[in-house]
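Just so you know, all these numbers are worked out from the coordinates, no wet-lab data involved. This structure is a prediction, so every number in the text was calculated from the model and none was measured. Here the Cβ positions follow ideal geometry from the backbone for every residue, glycine too, while neighbour counts run over all protein chains shown.
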Amino acid sequence: MKRYEIGTGSGYQTAILAEVAKWVVSVERIPQLVESARQALDKLGYTNIEIHVVEDALGWPTGAPYDAAIVTAGAPRVPDALVEQLTLGGRLVIPVGSRWEQELVKVTRKKSKNVIENLGGCRFVPLIGKDAWGE
C-alpha cells in the first residue's frame, strides 16, 4: 500500500510512516527542508521513501492514486485536489479550519459522497497552495 504525506518538514513523520508502510511519497514546498530531510533519511537507511519539491500545487498527482494520505498543515477546507488523488476507499487525514485553530478530520473517498469524520481539535501551521491558504 502506498502512503502519502503532504508536508515533509524534517522527515521525522516520514520515517515513522516508512516503518509501517511499504512505500511513502512525501511532498514539501521548501527545498531546503527537502534536502535536509533526504540527508537524514538516507543516513538512517530508508529506501522506501520518495520526496518531491512542490510549489503551488497541492500534492503529487503524478504518483496517484494513494491508499492513505496525511497532511501536516491546516487548510481552510478539505482540498478536492488531495481527495481526488486517493483510491476509492482511500483515507485522508487533514486539519481543517482557520489559520489558528482546526479540527482534525478523516475523509474517506467514496464513489458517490465522501465520508468525513471529525477526530477533534488541533492546531497546525497553515497549508499554503492552490485550494488552501495564500502566502
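Assorted remarks:
- Straight Cα distances below 30 angstrom link Lys106 to the lysines Lys2, Lys22, Lys130, with same-chain residues fewer than 8 positions distant left out.
- Convex hull volume of the Cα atoms of the chain, normalised per residue: 97 Å³.
- The chain: antiparallel DSSP beta bridges as a percent of all, rounded to 5: 40
- Within straight-line reach of Lys110, meaning a Cα separation under 16 Å, sit the following aspartates and glutamates at least 8 residues removed in sequence or on another chain: Asp67, Asp80, Glu84.
- Amide proton proximity set for Val54, modelled H, under 5 Å, gap of 5+: Glu28, Arg29
- Principal-axis analysis of the Cα atoms of the chain puts helix 31-43 at an angle of about 60° to the longest axis.
- Estimated 222 nm signal from helices in the chain, with DSSP H stretches of n ≥ 4 weighted -39500 (n - 2.57), rounded to 500: -5500 deg cm²/dmol
- Put a plus charge on the Cβ of each Lys and Arg, a minus charge on the Cβ of each Asp and Glu, and nothing anywhere else: the dipole of the chain about its Cα centre is then about 460 debye.
- Phi-derived couplings, Karplus 6.51 cos²θ - 1.76 cosθ + 1.60 at θ = phi - 60°, listed residue by residue for segment 109-126: 6, 10, 5, 9, 9, 5, 9, 10, 10, 7, 9, x, x, 7, 8, 10, 5, x Hz, with x used for Gly and Pro.
- For the peptides 8-14, 122-128, the ranking by mean Cβ contacts within 10 Å, running from highest to lowest, is 8-14, 122-128.
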